[in-house]
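Please treat every number below as a calculation from the coordinates, not as lab data. For clarity, every value in this text was computed on a predicted model and none was experimentally measured. Using ideal geometry, Cβ is built from the backbone for each residue, glycine included, and neighbour counts are taken over all protein chains shown.
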Amino acid sequence: MALIVQKFGGTSVGSIERIEAVADLVVKTRQQGHQVVVVLSAMSGETNRLINLAKQIDTRPSSRELDVLISTGEQVSVSLLAMAIIKRGHSAVSLLADQVNILTDNMFGKARIAEVAATRLKHELEHNRIAIIAGFQGRDIEGNITTLGRGGTDTSAVEIAAAIKADECQIYTDVDGVYTTDPRVEPNARRMSQVTFAEMLELASLGAKVLHIRSVEAAGKHNVPLRVLSSFNPDEGTLISFEENDMPNKVVSGIAFNREECLIKVQGVPTGTQYLSKILKLFAENGIEIDMINQVNHNFEKIDYAFTVHSNDYLQALELLSEDQAQLGAQNISGLQAVAKVSAVGMGMKSHSGVASLFFDALAQENINVVLVSTSEIKISVLIDEKYLELAVRALHKAFLTENG
Ligand code: ADP
Ligand code: ASP
Ligand code: MG
């Protein structure tokens, strides 16, 4: 008998029929003799619907109130699933994050889980009740409702699995595992039966939204065995493996992309690191995370900087920079929204040369221009015009991940 945490995403609970199907799956796991704790997302489309309601009141609504609003979607799905399981003759209880004591920091909209109390969940397990917990939400130290960022239910599930020392955390979704790239963009993408933890971390951080990045981080931190599988057709899925493969057979194991990055340009800044430091401080003080950074020097007199930020932070970042333009000594501040980042990831890059040349050759053959480049030991990322994103993903997948590539 194992203790299993099962997480179901929005499409997996997107209708009454889907909720009934999930109830069957949970009950089946129970009948196999396992103990189960369930973590749910809101029904698909619900979180977007709620955000749209808020935006009709205010385009930049109070972040505290937005969290109160968008956390409600999960309250609906957990209660419906509990009803469906009870109807099948099993004991079940739906619980909000507050009732479980999921404590977070107070960064509304992107809160981090600080602690999950195991007491209530252990109590439900001892009484043979299937606990069904609302994902995506938490509570800060002052009792405010917080949310964990889009896709955050994966992280709720892993943190809960860690707190109750579950044997496995299963992430049920609408694809049957982690693929070499998003199968919706490249139909030739292949499911991987295993992916190393380091690669998954990189893929998720570069935009492969099949797993919320913080869920992968949490799995690593707490050593939680993590598996991604389909709720429509459950099979073995993909195991996120802690074993590093010394001799990876592919140089590149996946292509990831992110449409939610925007470019910010700060041009004609005097030389001297203090100016860059001022810009970065401005971002840091306002909770704006920067991804790519690039600088171009003009004869050592003036410098142009380029940054990428999340699209949610784009307008605020431009506003803040414009307010401080004189202090920053910048001649011009501008931005580009219609850009996207595409990346190739692979442990094999550490020990192979020629990867960058193949990467840029694949883009050149499709006449795709690159705005920014960033590399690490196990990835190459470029920022491109968003309209070429799908073409770039397919070209890179063909170059690195198909037999004739
Ligand atoms: P859920 O609502 O179940 O959390 P998500 O939409 O957040 O589901 O994540 C699943 C989606 O992730 C898939 O439908 C797929 O389009 C996308 N995806 C992106 N990259 C990958 C990848 N490498 N492997 C599998 N799916 C991916
Ligand atoms: N319902 C939230 C969202 O749509 C959380 C999640 O699905 O993981 O982002
Ligand atoms: Mg998700």
Would you mind ranking 192, 292, 200 by Cβ crowding within 10 Å, fewest neighbours first? 292, 192, 200
Give the percent of DSSP beta bridges with both residues in the chain that are antiparallel, rounded to the nearest 5. 65
Stretch residue 250-residue 271 to full length: gain in nm at 0.36 nm per residue minus the Cα-Cα span? 3.3 nm
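Determine the sum of side-chain charges near residue 24: Lys and Arg each +1, Asp and Glu each -1, restricted to other residues whose C-beta is under 12 angstrom from that of residue 24.
Charge balance in the 12 Å sphere: +3.
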If each K or R counts +1 and each D or E counts -1, the residues other than residue 214 whose Cβ falls under 15 Å of its Cβ total -1
Using alpha carbons only, how many angstrom separate the centre of the range 1-57 from the centre of the range 328-348? 35
Can you list the GluC sites (Glu not before Pro) in the range 314-405 that are in a DSSP coil and have 15 or fewer other beta carbons within 10 angstrom? 366, 377, 403
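Quote to one decimal, in nm, the extra length available between residue 222 and residue 337 on full extension: 0.36 nm per residue of separation minus the C-alpha distance between them. Intermediate values should be presented prior to the final figure.
Working: separation 115, 0.36 × 115 = 41.40 nm, distance 3.69 nm.
Gain on stretching residue 222 to residue 337: 37.7 nm.
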Calculate, for residue 300 and residue 122, the FRET efficiency according to 1/(1 + (r/R0)^6) with r their C-beta to C-beta distance and R0 51 Å; round to the nearest 0.05. 0.20
Per DSSP, the loop-located chymotrypsin sites (Phe, Trp or Tyr not before Pro) within the range 268-358 having at most 14 other beta carbons within 10 Å are 300
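For the peptides 338-347, 12-21, what is the packing order when you average, over each peptide's residues, the other Cβ atoms within 10 Å and list the highest mean first?
The most tightly packed comes first, giving 338-347, 12-21.
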Indicate, rounded to the nearest 5 percent, the antiparallel portion of the DSSP beta bridges found entirely in the range 134-281. 45
Rounded to the nearest 10 degrees, what's the angle between the helix 314-323 long axis and the longest principal axis of the chain, both from Cα atoms, 0 to 90? 40
Apply 1/(1 + (r/R0)^6) to the Cβ-Cβ distance of residue 351 and residue 51, taking R0 = 56 Å, and write down the FRET efficiency to the nearest 0.05. 0.80
For labels at residue 87 and residue 232 in the simple 7 Å Cα→Cβ model, what's the distance in nm? 2.2
Under a Cβ-Cβ cut-off of 14 Å, what is the net charge of the residues other than residue 321 that fall near it, where Lys and Arg count +1 and Asp and Glu count -1? -3
Note down the nm distance, to one decimal, between modelled labels 7 Å out along Cα→Cβ at residue 289 and at residue 17. 3.7
Would you mind estimating how fast the chain diffuses translationally, via Stokes-Einstein at 25 °C and 0.890 mPa s with the Kirkwood radius over Cα pairs, in µm²/s? 108
Going through the cross-link list 209/281; 7/209; 250/350; 265/341; 209/379; 350/379, which pairs have a Cα-Cα distance over 19 Å in this structure? 209/281
Distance between the C-alpha centers of the range 128-157 and the range 192-262? Whole Å please. 22
